[in-house]
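Q: Below is a structure I'd like to ask you about.
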Amino acid sequence: MQKLNNNTVYHNTIKALLTAAGLLISTIAIGSAGFILIEGYRFVDAVYMTVITMATVGFREVVPLTDAGKIFTIFLIIFSLGIFGYVITQVTRIIFEGVLHQSYKAYQLRKKIVKLEDHVIVCGYGRNGYQACVELAEHGEKFVIVEKRDHVVSRILEDPELLYVQGDASSEEVLDAAQIRKARALITALPNDADNMFVVLTAAEMNPSLKIISRASDFRSDTKLRRAGATNVIMPDRIGGQRMAKLVTQPDVVEFVEYILLQRSQDVQLTEINCNKLAVSNYKKTIRELKLREKSGANLVGIKTGEGAYLFNPSPDIEITPADKLFVLGSPNQIDQFKAILTSEPQTINS
């Protein structure tokens, strides 16, 4: 399979076509000018003579050539052969190697990426990057992959729905192609901590408001990555070790939590709800007064306050504020009803 680089294929194809067309037009212009100056031909006759000379079709001259005209024609034929050879080579490559088709696909891909807003950029499509993409897709998130390895890009191409940019994720040009300035989050899952560090530094500089989640292998990299601008640092080895230990000490708890967080069905979800659209009529109301559980059936299992504090199994007497984030457990329908209770004025709520 030919490797497709969506940053270069389209531009290279257009450049080759423009170069071929430019050489062809330049040769016709030079030949026409030569026949006008040397033989005194009219413009139309000069162009006609140039074309039949370049094409070597063997038609007769418009007017018998002088010795100077014959010498000019000889050089024009020799020069034209090289130009025609280049043009035929480019056209043949585009037609028979599928470059034009690939170029069009790359162009369409670029158009889709340019339109992205509030999306997630995933740097690296290894084991961790692949799993991150699977989870993002499951939650309906828009994302674009940044990957530079050809054999990995070939694997990405197997799914025509995936958006990607091929290149070094630490390059500003590549991140710009992934629309980093309009993205809301970036996940860098490269296998090397130093590479992740460069990506974090570049991304944080290009979009200071970006949420950046980085993978790390070395425990000492955690602090460095956070200083570089990472919002969160994930160490798969540590998480894996903790999970294995928990499966020994609390196996049912681990399986229950993983079922809620990782299961693919729509039976139950643990969802984060932002209260920034809290209805004015709900200001200063407590959980008990809002009757969230009674009206929606969903369970409020935790709150992150505006100050960043976490409240687990919050008391019914706690007031909900627009700065809070709520962690809610329930079915999709229950969660939708829960959101409606928070954001709707009393007259629009179906009790």
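Q: With a 1.4 Å probe and every protein chain kept in, tell me what percent of the accessible surface of region 122-211 is carbon plus sulfur.
A: It is 49 percent, rounded to a whole number.
Q: With the full set of protein chains in place, find how many percent of the accessible area of region 268-351 is carbon and sulfur; take the probe as 1.4 Å.
A: Ligands and nucleic acids excluded, carbon and sulfur give 50 percent.
Q: Would you mind working out the accessible area per residue for the chain, using a 1.4 Å probe, and quoting it in Å²?
A: Per residue, the chain has an accessible area of 59 Å².
Q: List the lysines whose alpha-carbon lies under 24 Å from that of LYS285, not counting same-chain residues fewer than 8 positions away?
A: Candidates past the 8-residue exclusion: LYS277, LYS295, LYS304, LYS325, LYS339.
Q: Using a Cα-Cα cut-off of under 13 Å, which aspartates and glutamates could be cross-linked to LYS211, ignoring same-chain neighbours fewer than 8 residues away?
A: ASP118
Q: Quote the Stokes-Einstein diffusion coefficient, in whole µm² s⁻¹, for region 97-181, based on the Kirkwood radius over alpha carbon pairs, a temperature of 25 °C and a viscosity of 0.890 mPa s.
A: So the translational diffusion coefficient is about 186 µm²/s.
Q: Just need log10 I(q)/I(0) for region 150-215 at q = 0.19 Å⁻¹, Debye formula, equal scatterers on the alpha-carbon atoms, no solvent, rounded to two decimals.
A: So the normalised log intensities are -0.76.
Q: A further question on this structure: Share of antiparallel DSSP beta bridges in the chain, in percent to the nearest 5?
A: 45 percent
Q: Considering every pair of different Cα atoms, what Kirkwood radius, in Å, is found for region 202-268?
A: 14.2 Å
Q: Please report, in debye to the nearest 20, how large the charge dipole of region 208-255 is about its Cα centre when each Lys and Arg carries +1 at its beta carbon and each Asp and Glu carries -1 there.
A: The calculation lands at about 320 debye.
Q: Apply the Karplus parameterisation 6.51 cos²θ - 1.76 cosθ + 1.60, with θ equal to phi minus 60°, to every residue of region 76-90 and state each ³J(HN,Hα) to the nearest whole Hz, in sequence, with x for glycine and proline.
A: Each residue of region 76-90 in turn: 5, 5, 4, 5, 5, 4, x, 5, 4, x, 5, 5, 5, 4, 5 Hz.
Q: Further, regarding this structure: What is the Rg over Rh value, at two decimals, for region 129-286, using alpha-carbon atoms and the Kirkwood definition of Rh?
A: With Rg and the Kirkwood Rh in hand, the quotient comes to 1.02.
Q: Working from Cα positions, state the angle (0 to 90°, nearest 10) between the long axis of helix 9-39 and the longest principal axis of the chain.
A: Tilt of helix 9-39: around 20 degrees.
Q: Right, another one. Build a GNM of the chain with springs between Cα atoms under 10 Å: which of LEU210, LEU163, LEU329 gets the top mean-square fluctuation?
A: Ranking LEU210, LEU163, LEU329 by mean-square fluctuation puts LEU329 first.
Q: Also, quick follow-up: Tell me which aspartates and glutamates have Cα within less than 18 Å of LYS246's Cα, excluding those fewer than 8 residues away on the same chain?
A: Cα-Cα hits under 18 Å: ASP237, GLU255, GLU258.
Q: How large is the dipole of the chain about the Cα centre if only Lys and Arg carry +1 and Asp and Glu carry -1, each at its Cβ, rounded to the nearest 20 debye?
A: Value, rounded to 20: 260 debye.
Q: Continuing with this model, one more query. Which whole number of Å³ per residue matches the convex hull of the alpha-carbon atoms in the chain?
A: Value for the chain: 223 Å³ per residue.
Q: I would also like to ask the following. Can you give me the % of accessible surface on region 11-56 that is carbon or sulfur? Probe 1.4 Å, all protein chains present, nothing else counted.
A: C and S atoms contribute 74 percent here.
Q: Rounded to the nearest 10 Å², what accessible area does TYR130 have for a 1.4 Å probe in the complete protein model?
A: 100 Å²
Q: Now a separate question. Taking the chain as a Gaussian network, Cα atoms linked when under 10 Å apart, which of THR66, THR202, THR231 shows the biggest mean-square fluctuation?
A: Greatest mean-square fluctuation among the candidates belongs to THR66.
Q: Right, something else. Amide H neighbours of CYS123 under 5 Å, at least 5 residues apart or on other chains, H built in the peptide plane: list them.
A: VAL146, ILE187, THR188, ALA189
Q: Over the heavy atoms of THR343, what accessible area does a 1.4 Å probe trace out, to the nearest 10 Å²?
A: THR343 exposes around 70 Å² with every protein chain in place.
Q: If you don't mind, another one. Within the set of other residues whose C-beta is less than 15 Å from the C-beta of PHE143, count the net charge using Lys and Arg as +1 and Asp and Glu as -1.
A: -2
The values are calculated or read from the model by the stated rules, or taken from the named source; none is laboratory data. Everything quoted here is computed from the prediction, not taken from an experiment. No Cβ is skipped: glycine too gets one built from the backbone with ideal geometry, and neighbour counts run over all protein chains shown. Accessible surface areas use protein heavy atoms only, side chains included; no ligands, DNA or RNA. Shrake-Rupley method; radii C 1.70, N 1.55, O 1.52, S 1.80 Å.
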